[in-house]
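See below for the structure under consideration.
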Amino acid sequence: MKIIILVLAVLIAIITNAQQTNLDSLIGSKETTYIKGIVPALATPGYEDIAYQLQSVIADAIAYYSEKYNGIDIHAKFAVLDSINWTTEVFPYGYMYGSAGWIVMPGDIDFNDFIRIYGASSFESILLEESAKKVINPNEITESFFQFVAIHELGHLITSQLIKGGLQEIFLSEMVANVVAYEFLINKNPDKLKGFKLFYDVDLKNYVPHFTTMNELYENYGKMGVDNYVWYHCSFMKLVEEIYNKKDKDFLMSVKKLCQSNNIMEMELTEIAAYIDKDYDGIFTRWLSTFK
Ligand SMILES: [Zn+2]
């Protein structure tokens, strides 16, 4: 038995290393400028400013969480690429992603590209009306969205440091990453959260999703359109806000406790929610009951 586990562990390590090396060499093969920093960045020439800006946000978030969760050691690799240098082998252009320790962002997505790619074309006018009411420049929506997702990806890296073996449960893993991003931005740069908050409020009211249930999320994870996937995340944000507002608890620590005493992959989502709710007064279960 021990030998089988050892062989499996070695195999997983080889596969993980292979993925990492592949992405390292893929991104390494692009024509980029190297920007030194706590999180070194690679940028398509011409996009150094965006890279610089996001690099400093990521570095601030690392400092915040290194202090909060004593002893974690986060190593992120970061790239801002434009369409010519995009890793289409991994993801279509415009979809930012986190993979094998990399956080990769598109460099030249403006507001118009953003609403087209992320599924907001049908309610663009409402988005514009709402941003005018709140005196938010539409470009701030895009900027805020990408900052949020960059810290979200960092959230996955932090989770894998704090929870042995990482967090394999899809919904919980996405929730934790969102809570990490939300907490950092609301504490350290609340202005930078405004654009994304406006977007998720408007998206929730106006986007018409094809998949709407948790089961459909699991069945279609990684396969559904990015617009529908973004809608799921917009829905999660309402729970993220409630979780964050319960300031005497730490969500990541509650999830860690859950993972230490249970095999979460064998639990129903309702059981997971009930466990977390020991710390969260039933908010998880209540929210989940809105998803059928
Ligand atoms: Zn994620």
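Here, each number is a calculation from the coordinates, and none is a lab measurement. The model shown is predicted, which means the values in this text are computed figures rather than measured ones. So basically every Cβ, Gly included, is an ideal-geometry build from the backbone, and we count neighbours across all protein chains shown.
Quick notes on this one:
- With bins 10 Å wide beginning at 0, the percent of Cα pairs of the chain falling in each bin runs 6, 26, 36, 25, 7, 1, 0.
- 222 nm mean residue ellipticity, helices alone, for the chain (DSSP H n ≥ 4; -39,500 (n - 2.57); rounded to 500): -20000 deg cm²/dmol
- Two-site FRET efficiency, S29 against A100, from Cβ-Cβ distance with R₀ of 22 Å, rounded to 0.05: 0.90
- A full extension of the chain between Q260 and N220 corresponds to an added length of 11.6 nm, given 0.36 nm per residue minus the alpha carbon distance.
- Its Cα centre serving as origin, the chain has a Cβ charge dipole (Lys and Arg +1, Asp and Glu -1) of approximately 660 debye.
- Cβ crowding within 10 Å ranks W231, W287 as W287, W231, fewest other Cβ atoms first.
- The modelled label-to-label distance for the pair N245/S160, using points 7 Å beyond Cα in the direction of Cβ, is 3.4 nm.
- Inter-site label distance for A59 and M253 at 7 Å from Cα along Cβ, in nm: 2.9
- E271 paired with V90, simple spin-label distance in nm, labels 7 Å along Cα-to-beta-carbon: 3.5
- Ordered by the number of other Cβ atoms lying within 10 Å of each residue's own Cβ, fewest first, S29, S235 fall into the sequence S29, S235.
- Around the amide H of F78, modelled in the peptide plane, lie the amide H atoms of L42, I103, all under 5 Å away and 5 or more residues distant in sequence or on another chain.
- The GluC sites (Glu not before Pro) of region 45-106 that DSSP puts in a loop, and whose beta carbon has at most 12 other beta carbons within 10 Å, are E89.
- Set of lysines near K133 by C-alpha distance (under 16 Å), chain-local residues within fewer than 8 positions excluded: K194, K197
- Centroid-to-centroid separation of region 29-63 and region 220-292 [C-alpha atoms, Å]: 32
- Bridge type composition, region 31-288 - antiparallel percent by DSSP, nearest 5: 45
- Footprinting exposure proxy for D191, D227 (fewest neighbouring C-beta atoms within 10 Å first): D191, D227
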